[in-house]
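Read the structure below first, then the notes.
Values in this text are rule-based calculations from the coordinates and carry no lab data. If you're wondering where the values come from, they're calculated on a predicted model, not measured in any experiment. Note: ideal-geometry Cβ built from the backbone for every residue, glycine included; neighbour counts use all protein chains shown.
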Amino acid sequence: MRWAWMDRAACRGMADTVFFPEGPHRNYSRARRICAGCPVRKECLRYALEGCIGFGMFGGLTPRQRAALRRRRRREEVA
Ligand code: SF4
């Protein structure tokens, strides 16, 4: 599914390898810099969190960072 906010993404038209790096030592540094200036970062992060997307850079966060954020939010909901 394609959402309207995706048309304003800073990564629009860029190579997938930047945001979906492969290999044991995935390098997200370039994607992180691009995401930092993206006008739809919040929407992108929400999309990945709600979809439980476990790969690639979304909203400026790596899969591991998003998993940590989800855990933190769940703990806060319980508390
Ligand atoms: S936050 Fe990053 S991955 Fe998400 S749309 Fe913007 S540039 Fe692309």
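Table for the structure above
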| item | result |
| --- | --- |
| Separation in nanometres of the label points that stand 7 Å from Cα toward Cβ, at W3 and R72 | 2.0 |
| Degrees separating the helix 41-50 axis from the principal Cα axis of the chain, which is the longest one | 60 |
| FRET efficiency estimate (nearest 0.05) - Cβ-Cβ, K42 to Q65, R0 22 angstrom | 0.90 |
| Ellipsoid semi-axes in whole angstrom, largest first, where each is sqrt(5λ) of the Cα gyration tensor of the chain | 21, 16, 10 |
